[in-house]
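Participant: Have a look at this one before I ask anything.
The values are calculated or read from the model by the stated rules, or taken from the named source; none is laboratory data. On a predicted model such as this, the values are computed, not experimentally measured, just so you know. Positions of Cβ are generated from backbone atoms using ideal geometry, with glycine treated the same way; all protein chains shown enter the neighbour counts.
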Amino acid sequence: MFNLILRSEDPLKQTFSAVIVTAMGSAHEELIPVLEGALQSKDAVLRSYAAGAYGIVNPQNKAYVQEVVHLYIFDPAFAARSMNLLAEEPKHLLKYLKQAAASSDDQTRAAAASWLGTLHSEAAAKQLLKMAKTEQDANTQAQIATGLAQNRQYTLEAVAKELRRDYTTPSASTYALALGFMTGNAIDVIRQGLLSTNQNERINAARAAAYMAGVLSNPDAFNYTSDRTFDIGLLKSLIPQLNLLAKTGNDSVKVYASNALRQIEKLMI
């Protein structure tokens, strides 16, 4: 079959045929020139898939590891299969993901954050917390927040402390979203934030409550809660404090508290 691939005159068809053959378990060294050519493409998706196949065919060459991380956005299973050969030890995978987390490419950072979230390790959690401090791309922030929630045993305490962060900064939104994804596990943290004398903490806690309502109203809520009904009940227990803030807080606090109440009310419909 790879002889037909090599004779093809369509570079795109040739590359994806090589990728498919590799994904099926046939790692032919004869395909290396085809994949190396595709790795120079301006098409990010094509480069990523070519890198995944290249990592399987020629795992000794680590030059395209960042492209394999980028592939995780499009095809997690294929990216993981390639990385299993490229990263001989778990520490090598973490090293590659840390490098990708510092990429200038938004999608690569988002892929790194998404992958880190699946590792469920303290080291991965620390990297996600580090990313959260500076990330400004909205999609990457969402991936970081999800990863922080997936690793809440390592991150909840650190994220709780960040509620005091200036609510107008991008990172404040990331931390609040992380608490939203933690659902019922973050209720006590949010409750304490709503009772705080610090304005940023009150606003960020109200924002987290609104995010949590959005998560629990989503059809895929089961990805974030083991008992949706119970967690909705916990969230509703915040209504009295949110009502108080919506009535007595300053203009900024009122906006966020009122929005949280509206989002929670949607759960009752």
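Participant: Looking for whichever is at pLDDT 95 or above, under 28 Å from Leu148 (Cβ atoms) and of a type in the set (Gly, Ala, Ser) here; the options are Ala111, Ala51, Ala44. Which one fits?
Facilitator: Ala111
Participant: Here's something else I'd like to know. Within the group Thr118, Thr146, which residue is of a type outside the set (D, E, K, R) and within 29 Å of Ser196 (Cα to Cα)? Steps first, please.
Facilitator: Details: Thr118 fails: within 29 Å of Ser196 (Cα to Cα).
From the options Thr118, Thr146, the qualifying one is Thr146.
Participant: Please indicate, with yes or no, whether at least one residue in segment 224-231 is farther than 22 Å from Thr168 by Cβ and of a type in the set (Val, Ile, Thr). Let's see the steps before the verdict.
Facilitator: Let us first name the residues in segment 224-231 that are farther than 22 Å from Thr168 by Cβ, namely 224-231.
From the residues that got through so far, the ones that are of a type in the set (Val, Ile, Thr) too are 225, 229.
The answer is yes, given that some residue of segment 224-231 is farther than 22 Å from Thr168 by Cβ and of a type in the set (Val, Ile, Thr).
Participant: Take the residues in segment 209-239 that are aliphatic (A, V, I, L, M) and more than 13 Å from Met182 (Cα to Cα); name whichever of them is surrounded by the fewest Cβ atoms within 10 Å (Cβ to Cβ). Break it down stepwise before answering.
Facilitator: Within segment 209-239, the subset aliphatic (A, V, I, L, M) is 209-210, 212-213, 215-216, 221, 232, 234-235, 238-239.
After this cut, where a residue has to be more than 13 Å from Met182 (Cα to Cα) as well, the list is 238-239.
Values: Leu238: 24, Ile239: 15.
Applying the filter and picking the extreme gives Ile239.
Participant: Pairs under 7 Å by beta carbon, first residue outside any helix (DSSP H, G or I) in segment 166-182, partner not aromatic (Phe, Trp, Tyr), six or more apart or different chains?
Facilitator: Asp166/Ala172; Asp166/Asn200; Tyr167/Asn200; Tyr167/Ile203; Tyr167/Asn204; Met182/Ala149; Met182/Arg152; Met182/Leu156
Participant: Also: (1) within 24 Å of Ala124 (Cα to Cα); (2) buried (at least 24 other Cβ atoms within 10 Å of the Cβ): which one isn't true of Gly184, the others all being true?
Facilitator: Every condition holds for Gly184 apart from (2).
Participant: Among the residues of segment 58-75, what is the count of those that are surrounded by 22 or more Cβ atoms within 10 Å (Cβ to Cβ) and free of Cβ contacts under 8 Å to residues at least 40 places away in the same chain?
Facilitator: Result for segment 58-75: 4.
Participant: I need the full set of residues from segment 136-152 which are surrounded by fewer than 18 Cβ atoms within 10 Å (Cβ to Cβ), in contact with a helix residue (DSSP H, G or I) (Cβ under 8 Å, 6 or more places away or on another chain) and in a helix (DSSP H, G or I), in order please. Show your work before the answer.
Facilitator: Going through segment 136-152, the residues surrounded by fewer than 18 Cβ atoms within 10 Å (Cβ to Cβ) turn out to be 136-139.
Subsequent filtering for residues that are in contact with a helix residue (DSSP H, G or I) (Cβ under 8 Å, 6 or more places away or on another chain) retains 136-137, 139.
Result: Asn139, single match.
Participant: A further question follows. Scan Pro219, Pro240 and give me the residue that is in a helix (DSSP H, G or I), free of Cβ contacts under 8 Å to residues at least 40 places away in the same chain and over 12 Å from Gly184 (Cβ atoms). Reasoning before the result, please.
Facilitator: Values: Pro219 fails: in a helix (DSSP H, G or I).
Going through Pro219, Pro240 in turn, just one is in a helix (DSSP H, G or I), free of Cβ contacts under 8 Å to residues at least 40 places away in the same chain and over 12 Å from Gly184 (Cβ atoms): Pro240.
Okay, residues lined up against (1) of a type in the set (Lys, Arg); (2) over 14 Å from the mean Cα position of the chain (by Cα); (3) farther than 19 Å from Gln40 by Cα; (4) modelled with pLDDT of 95 or more:
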| site | (1), (2), (3), (4) |
| --- | --- |
| Val57 | no, yes, no, no |
| Leu94 | no, yes, yes, yes |
| Ser104 | no, yes, no, yes |
| Gln107 | no, no, no, yes |
| Glu122 | no, yes, yes, yes |
| Ala125 | no, no, yes, yes |
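Participant: Looking only at segment 106-116, decide whether some residue is part of a helix (DSSP H, G or I), touching a residue at least 12 places away in the same chain (Cβ under 8 Å), β-branched (Val, Ile, Thr) and within 23 Å of Phe222 (Cα to Cα).
Facilitator: Looking only at segment 106-116, we keep the residues that are part of a helix (DSSP H, G or I), and these are 106-116.
Restricting the remaining residues to those that are touching a residue at least 12 places away in the same chain (Cβ under 8 Å) gives 106-116.
The next check asks that each one be β-branched (Val, Ile, Thr); those that pass are 108.
Cutting the leftovers down to within 23 Å of Phe222 (Cα to Cα) gives us none.
The answer is no; no qualifying residue exists.
Participant: Right, here's the next one. Would you confirm, using the coordinates I've provided, whether Ser26 is among the hydroxyl-bearing types (Ser, Thr, Tyr), modelled with pLDDT of 80 or more and out of contact with any Ser or Thr (no Cβ under 9 Å at 6 or more places or on another chain)? Quick ask: steps written out before the conclusion?
Facilitator: Values: among the hydroxyl-bearing types (Ser, Thr, Tyr): yes; modelled with pLDDT of 80 or more: no; out of contact with any Ser or Thr (no Cβ under 9 Å at 6 or more places or on another chain): yes.
So Ser26 does not fit the description; no.
Participant: For segment 168-175, check the following and say yes or no: at least one residue is buried (at least 24 other Cβ atoms within 10 Å of the Cβ) and either at positive phi or aromatic (Phe, Trp, Tyr) (or both).
Facilitator: Here is the first cut: in segment 168-175, the ones buried (at least 24 other Cβ atoms within 10 Å of the Cβ) are 174-175.
Right, trim to either at positive phi or aromatic (Phe, Trp, Tyr) (or both) and you get 175.
Yes, there is a match, as at least one residue in segment 168-175 is buried (at least 24 other Cβ atoms within 10 Å of the Cβ) and either at positive phi or aromatic (Phe, Trp, Tyr) (or both).
Participant: Of Thr134, Thr118, which residue is within 22 Å of Ala77 (Cβ to Cβ) and of a type in the set (S, T, N, Q)? Give the steps one after another, and end with the answer.
Facilitator: Details: Thr134 fails: within 22 Å of Ala77 (Cβ to Cβ).
Step by step, each of Thr134, Thr118 is checked, and only Thr118 is within 22 Å of Ala77 (Cβ to Cβ) and of a type in the set (S, T, N, Q).
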